[in-house]
1. Can you pull out every residue in the stretch 492-522 that is of a type in the set (Gly, Ala, Ser) and closer than 23 Å to Thr47 by Cβ?
2. So which residues in the stretch 93-135 are part of a loop (DSSP other than H, G, I, E, B), over 11 Å from the mean Cα position of the chain (by Cα) and over 29 Å from Glu29 (Cβ atoms), if there are any at all?
3. Pick from the stretch 449-469 the residues that are of a type in the set (A, V, I, L, M) and over 19 Å from Phe541 (Cβ atoms): which of them is surrounded by the most Cβ atoms within 10 Å (Cβ to Cβ)?
4. Could you check how many residues of the stretch 611-632 are part of a loop (DSSP other than H, G, I, E, B), touching a residue at least 24 places away in the same chain (Cβ under 8 Å) and out of contact with any Pro (no Cβ under 7 Å at 6 or more places or on another chain)?
5. So in the stretch 561-610, with the set limited to residues that are under 31 Å from the mean Cα position of the chain (by Cα) and part of a loop (DSSP other than H, G, I, E, B), which one is surrounded by the fewest Cβ atoms within 10 Å (Cβ to Cβ)?
6. Looking only at residues that are small (Gly, Ala, Ser) and buried (at least 24 other Cβ atoms within 10 Å of the Cβ) in the stretch 31-44, which one is farthest from the chain's Cα centre (by Cα)?
7. Have a look at Leu298, Leu303, Leu282 and point out the one that is more than 16 Å from Asn236 (Cβ to Cβ), crowded, with 21+ Cβ neighbours inside 10 Å, aliphatic (A, V, I, L, M) and without any contact (Cβ under 8 Å) to a residue 60 or more places away in the chain.
Amino acid sequence: MSDLTFASDAPGKKMFMLGNEAIARGAIEAGVQFTAAYPGTPSSEVTETLAKLAKEVDMYVEWSVNEKVAFEGALAGSVCGLRSLACMKHVGVNVAHDPIMTASYIGAKGGFVLLSAEDPWMWSSQNEQDNRYIAEQAHIPVLEPSSIQEAKDMIADAFRLSEEFKQLFILRTVTRINHGRSDVTLGEINKERRQGKFEKNRQWLNYTPAEARLNKPKMQERLEKIKEAANTMPYNRLEAVNGAKLGIIACGLSYSYTKEALNWMGLADRISVLKIGTPYPLPEKLVREMLNSHDEVLVAEELEPFVETHVKAIAGEDNTKVKIHGKDVLPSIGELSTRKISEAIAEITGEKLPADFKKIDNLSQTTASLLPSRPPALCSGCPHRASHYAINVAAKKVARDYGKDILPIYPGDIGCYNLAYNPPQEAVDTTICMGASFGIANGLAHIVDTPIVAHMGDSTFFHSGIAPMVNAVYNKANITMVIMDNSATAMTGFQPHPGTGQTATGDESPVVKIEDVARACGVKFVEIVDPFYLKNAADVFEKAIRFEGPSVVVSRRLCAMVEQRQKRARGEKTVPYTVNPEKCSDKCNTCLELLGCPALTKEGTKTVVDITLCNGCGVCAQICPYKAITQE
């Protein structure tokens, strides 16, 4: 079917999909009418896919300024009777935690699902928290898919379950589900389009203590019904093997690893498997059946021993004499794999592994040692590199006035600019969470006497930078706050934000100017610089750092990748810079040691420009003391 698209109503047909595209397809099949999200890897493509199809399928889709706002918007959709979806990565759930805790008391009218995309091994995150604990704290049931196909089917079904039990559901995915690819069999699209309607009901929606006390028991009753239903949900099933001594309780993607491991080791007919698709609440009847019919049980799950702890509690409550394994033989850090499950099975049973992993590891280490180190780096021509360079020049100049041993402090944030923690910039001293650069700077200002220059990106500023900026004004924090504005949420895929003048669906919107927000919040020193004009940028940064009180500098230049795309679209050619070898000094290396642009390399004793990488920004030419770098 050559004309098959993500929005085609073609049940039974197959498409090769990214996991996040499959999740988006499941939302379309469920008839979702409201989607709100903040971009964050590994969740971003779900909303990107829905945004492209929003008008075609009659769905409202937005990039919200942060996850809290996204969740609250989706909650409003559910309250008005619409099937609503909130999407975010695992740490985004922290931002939305406040309304989540009360939303569970409210429950759901229209089906309401929160996608929590987790990131074992922290491929693109600052931690690898397990949000099943947040779900349990909030009394919210969790669905966890074992494959991309099941992710699509599960999220589609989650909206039905949400309406059936009148409760918010969480879909917990992991990076290998979100960013894996697979053939996916399509389901039928629910074409129902409801008219959202808000009905005043203060007893249900107005959470003063009296209403909270009234609604918490209702939430607990809903959860008890879901707990009972978990035993018969198709996502939970016991694949029992008669006479098996070992049983494996496998959660989410770990089920797929477990099945592969058993087939690989030739043990599929000797070990039972309990597939878990609802880690909270657990299907306790199926768990008890597994515990009562096996001598040993292995709990396979990624990250924390969440299910393991609950399984052990059930065994203890029933006084069941069974040895339960989990994190004693499986790691609690990083992703699981077929190999790791196989090694755990071998350790418990004494069975021989199907491969010599030590030999493979030695070969891999030998191969890795032959490869050059490639730490992550800012792109060629990235304006953030120029901003960091200018900040370094200015901040170190001011710091020298404090004393010879004084160094400036650079609180950093979440975004591309964080890559400047590596040499040669070394311009990031802290990275905690979105918005924390300004927050950390606020605290430092009242503790240490040194130049403090905090930075964050434009999207991060709208996400969580305004409040700590106001705090700096209110509490007279002597800090410089730099907003590196490259007009995109670049690290997660160039999604728009309030400063870009475009919505998620491509419609024009008012441009919210960062400098206007800063002035409105009471900041007295607000300046805008183009980081590619290094001397002027450094001069402005120096003035900002010397200013008594909070200062803001907006360092504005379009993302290099976006700029190159726009040039290609206009048919413009990029004119690269070149190095005159007669002027270049063999012993200089200033451009390499202070800038570190990937387009600059060494050939013999001379620096050269890789014209396939150079985007013609000219920053290197400005810092070359011999004027050896020119543009033809």
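1. The answer is Gly493, Gly499, Gly501, Ala504, Gly506, Ser509.
2. Trp121, Gln129 - these are the residues of the stretch 93-135 that are part of a loop (DSSP other than H, G, I, E, B), over 11 Å from the mean Cα position of the chain (by Cα) and over 29 Å from Glu29 (Cβ atoms).
3. So, considering only residues that are of a type in the set (A, V, I, L, M) and over 19 Å from Phe541 (Cβ atoms), the one surrounded by the most Cβ atoms within 10 Å (Cβ to Cβ) is Ile466.
4. Result for the stretch 611-632: 9.
5. The residue in question is Pro598.
6. To start, the set of residues in the stretch 31-44 that are small (Gly, Ala, Ser) comprises 31, 36-37, 40, 43-44.
Then keep just the ones that are buried (at least 24 other Cβ atoms within 10 Å of the Cβ); that gives 36-37, 40, 43-44.
Working: Ala36: 15, Ala37: 11, Gly40: 4, Ser43: 6, Ser44: 8 Å.
Only one residue fits best here, namely Ala36.
7. Working: Leu303 fails: without any contact (Cβ under 8 Å) to a residue 60 or more places away in the chain; Leu282 fails: more than 16 Å from Asn236 (Cβ to Cβ).
Checking each option against the conditions leaves just Leu298.
Results for (1) of a type in the set (Ser, Thr, Tyr); (2) in contact with a Phe, Trp or Tyr (Cβ under 8 Å, 6 or more places away or on another chain), shown as yes or no for each residue.
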| residue | (1), (2) |
| --- | --- |
| Ala520 | no, no |
| Asp530 | no, no |
| Ala537 | no, no |
| Pro550 | no, yes |
| Ser555 | yes, no |
| Met561 | no, yes |
| Lys567 | no, no |
| Lys573 | no, no |
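The values are calculated or read from the model by the stated rules, or taken from the named source; none is laboratory data. Everything numeric in this text was worked out from a predicted model, so none of it was measured. Neighbour counts run over all protein chains shown; Cβ positions are idealised from the backbone, glycine included.
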